[in-house]
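*Asks:* Encoded as structure tokens, here's the structure I'll be asking about.
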Amino acid sequence: MCGIAGYASSKPTSLATSIVLSILIELQHRGQESAGLATVSLDGYIEVRSGRGTVIEALLNGLTVDMSHRDVFGAIAHTRYSTSGGYMDSVPQPIVIGNGDYRFALAVNGTIANYKMLAKTFGIEGNYNDAQVLANVLYRLALEHNRDVIEALKSFSETAVGGYSVVILTSEPRLVIARDPYGFRPLAYSYNDEEIAVASETAALDVVGYNNWAEVGAGEIISFDGKSLERTHSITATFSPCAFEYVYISRLDSVFNNVNIYTARVQMGYELSKMMPVEADIVVPVPDSGRGAAIGYSRGSGIPLEEGLVINRYLGRGFILPPGLRDVVAKLKYGFIKTAIQGKKVILVDDSIVRGTTMAAIASRLRKYGAKEVHIRISSPPFRYPCFMGIDVASRSELLAWRKMDLVDIASYLNADTVAYNTVENIVKSIGINTLCLACFTGTYPFKGLGVEDLEEMFSR
Ligand code: SF4
């Protein structure tokens, strides 16, 4: 669950750095641990900068000022949320690999579940994370294919287990973008014969002014060398876009696989209100992630929507923060509008409960500030299984719904009167794609013959 961005032009330009940074700022919600940027000049010189923190902390506070004056072919950038390797061990991207006259920089959004096995197969030694193994394997495959990273991506798709959207900037120079064959993670681009701009989400392109965008198809590989756009495909697989992108990850103003995120989220809340009604005075969203579903719940139930919580936007998204900081953030993140909640029966709507840390803190404080009843409604099904395709929940023991399977137990743990979740059927109905990945809710993964135990073992060895 990182954000990736790219830009390349048919004419050398000093604008590449600022365009890519602008796109990356619009993807900040996808990760705040580190940010990095790489440029390539027409003669193949790759320069990379990175730092810890948000895009502004890591890159805009001076680090990239000198880069922004140089004419280059293109740039790629990455904002990081660690999915393997841990927070403090996290390696900023883009990763630059190669030497001599063939190099490339790579940034990835996703997780390669079998990266340890791939490292062994390709003889890659060292304590590398999945992104580093991906870069190393692709580089070796590119060398085997006459320095053709497109052929390398095709070969990689035959052996990789996981989800990945990538941007690659080669020393040729060339900008290559690709989505894995299952299409787990989003990737979009805008092309106009002279330039190409790339982003994890369509909203980032829209905001920066690239409104004429298209989504990269599942398994599609697109390459721009400054003269023309080349398209090809890796192996085919069952189209399995991540349902959690619709539930939580993507911005409300993004489109993923032609489905508007806002519309899908409102519909999830609407379906939930019909299936799990409760008598109450107000519907209160957990900002910002529960807002779309709360609007839908209010519409479906006829119960008025009220703002009851105020989010501190400077603390970041609780779910994507590193483990050591989650408890602190859960307490500091929300203020409460006492006049709105005092004496009221409150329906609190959020998109998901992963570990339960944040929700328990909110429900307790709603009561402290005078709520008569607190009913929690979650627009997704219980999150019971880990994801190996780009979300940092490596173990089932971390998941609240796994630890406390019974709804009464979960309500008691969260200090709520009742708790209800949406169903898988309602999620599919709200999004309108029948082959979604729903593995974190169902335990059925799109990879043939691989169950949760196989993937857990694969990921840890
Ligand atoms: S397991 Fe869940 S979070 Fe992971 S790709 Fe599938 S739907 Fe998305």
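The values are calculated or read from the model by the stated rules, or taken from the named source; none is laboratory data. Note that the structure is a prediction, hence the values are computed from the model and not measured. With ideal geometry, Cβ positions are generated from the backbone for all residues, glycine too; neighbour counts draw on all protein chains shown.
*Asks:* Need the failing condition index for THR236 against (1) surrounded by fewer than 24 Cβ atoms within 10 Å (Cβ to Cβ); (2) part of a loop (DSSP other than H, G, I, E, B); (3) among the hydroxyl-bearing types (Ser, Thr, Tyr); (4) modelled with pLDDT of 95 or more, just the number.
*Replies:* For THR236, the failing item is (4).
*Asks:* If we scan the range 420-442, do we find a residue that is more than 23 Å from GLY163 (Cβ to Cβ), crowded, with 22+ Cβ neighbours inside 10 Å and hydrophobic (A, V, I, L, M, F, W, C)?
*Replies:* No, the range 420-442 contains no residue that is more than 23 Å from GLY163 (Cβ to Cβ), crowded, with 22+ Cβ neighbours inside 10 Å and hydrophobic (A, V, I, L, M, F, W, C).
*Asks:* Would you please name the residue that is farthest from the chain's Cα centre (by Cα), looking only at residues in the range 59-79 that are surrounded by 15 or more Cβ atoms within 10 Å (Cβ to Cβ) and outside any strand (DSSP E or B)? Let's see the steps before the verdict.
*Replies:* Applying the first criterion (surrounded by 15 or more Cβ atoms within 10 Å (Cβ to Cβ)) to the range 59-79 yields 59-60, 63-64, 67-68, 70, 72-79.
Those left that are additionally outside any strand (DSSP E or B): 59-60, 63-64, 67-68, 70.
Values: LEU59: 20, LEU60: 22, LEU63: 25, THR64: 25, MET67: 27, SER68: 27, ARG70: 31 Å.
Out of the qualifying residues, it is ARG70.
*Asks:* Here are VAL207, VAL167: which of them is crowded, with 20+ Cβ neighbours inside 10 Å, β-branched (Val, Ile, Thr) and out of contact with any Cys (no Cβ under 6 Å at 6 or more places or on another chain)? Can you show your working first?
*Replies:* Values: VAL207 fails: crowded, with 20+ Cβ neighbours inside 10 Å.
Only one candidate qualifies: VAL167.
*Asks:* Let me ask something additional. Select from the range 430-455 the residues that are over 16 Å from PHE383 (Cα atoms) and in a helix (DSSP H, G or I) and list them in ascending order.
*Replies:* SER430, ILE431, GLU453, ASP454, LEU455
*Asks:* Separate question: Check whether at least one residue in the range 92-99 is within 16 Å of the ligand (Cβ to nearest atom) and either outside any loop (DSSP other than H, G, I, E, B) or in the same structural domain as LEU455 (by TED's automatic domain parsing) (or both), and report yes or no. Before you say what the answer is, go through the steps one by one.
*Replies:* Step one: filter the range 92-99 for residues within 16 Å of the ligand (Cβ to nearest atom), giving none.
No: zero hits.
*Asks:* Name the residue, out of GLU172, GLU158, GLU151, that is within 25 Å of PHE224 (Cβ to Cβ), assigned to a loop (DSSP other than H, G, I, E, B) and of a type in the set (Asp, Glu). First the steps, then the outcome.
*Replies:* Details: GLU158 fails: assigned to a loop (DSSP other than H, G, I, E, B); GLU151 fails: assigned to a loop (DSSP other than H, G, I, E, B).
Residue meeting the stated conditions: GLU172.
*Asks:* Return the residues of the range 410-427 that are within 15 Å of ARG384 (Cα to Cα) and more than 15 Å from the ligand (Cβ to nearest atom); say none if nothing qualifies.
*Replies:* We begin by selecting, within the range 410-427, every residue within 15 Å of ARG384 (Cα to Cα); these are 410, 420-424.
Listed by number, the residues that qualify are ILE410, ALA420.
*Asks:* Here's a follow-up. Assigned by TED's automatic domain parsing to the domain that holds PHE184 and over 18 Å from PHE184 (Cβ atoms): which single residue out of LEU106, LEU143 fits that description? Let's see the steps before the verdict.
*Replies:* Values: LEU106 fails: over 18 Å from PHE184 (Cβ atoms).
Being assigned by TED's automatic domain parsing to the domain that holds PHE184 and over 18 Å from PHE184 (Cβ atoms) holds for just one of LEU106, LEU143, which is LEU143.
*Asks:* Listed residues SER379, SER460, SER430; which is in contact with a Gly (Cβ under 6 Å, 6 or more places away or on another chain) and more than 10 Å from the ligand (Cβ to nearest atom)? Don't jump to the end; show me each part of the working.
*Replies:* Values: SER460 fails: in contact with a Gly (Cβ under 6 Å, 6 or more places away or on another chain); SER430 fails: in contact with a Gly (Cβ under 6 Å, 6 or more places away or on another chain).
Of SER379, SER460, SER430, the one residue that is in contact with a Gly (Cβ under 6 Å, 6 or more places away or on another chain) and more than 10 Å from the ligand (Cβ to nearest atom) is SER379.
*Asks:* Looking at the range 216-231, is at least one residue away from the ligand (no atom under 16 Å from the Cβ), of a type in the set (A, V, I, L, M), modelled with pLDDT of 95 or more and crowded, with 23+ Cβ neighbours inside 10 Å?
*Replies:* Yes, the range 216-231 has at least one match.
*Asks:* Please indicate, with yes or no, whether at least one residue in the range 67-79 is more than 20 Å from LEU24 (Cβ to Cβ) and among the aliphatic types (A, V, I, L, M). Walk me through how you get there before you give the answer.
*Replies:* Here is the first cut: in the range 67-79, the ones more than 20 Å from LEU24 (Cβ to Cβ) are 71.
Then drop every residue that is not among the aliphatic types (A, V, I, L, M), which leaves none.
No, the conditions are met nowhere in the range 67-79.
*Asks:* Another question about this same structure. Would you point out the residue of the range 232-270, among those that are charged (D, E, K, R) and within 17 Å of ILE295 (Cα to Cα), that is farthest from the ligand (Cβ to nearest atom)? Break it down stepwise before answering.
*Replies:* First, pick out the residues of the range 232-270 that are charged (D, E, K, R): 245, 251, 253, 265.
Those still in the list that are within 17 Å of ILE295 (Cα to Cα) too: 251, 253, 265.
Details: ARG251: 16, ASP253: 20, ARG265: 15 Å.
Residue satisfying both the conditions and the ranking: ASP253.
*Asks:* Answer yes or no as to whether TYR182 is within 16 Å of the ligand (Cβ to nearest atom) and either outside the structural domain of TYR445 (by TED's automatic domain parsing) or within 22 Å of TYR102 (Cα to Cα) (or both). Walk me through how you get there before you give the answer.
*Replies:* On the way: within 16 Å of the ligand (Cβ to nearest atom): yes; either outside the structural domain of TYR445 (by TED's automatic domain parsing) or within 22 Å of TYR102 (Cα to Cα) (or both): yes.
The answer is yes for TYR182.
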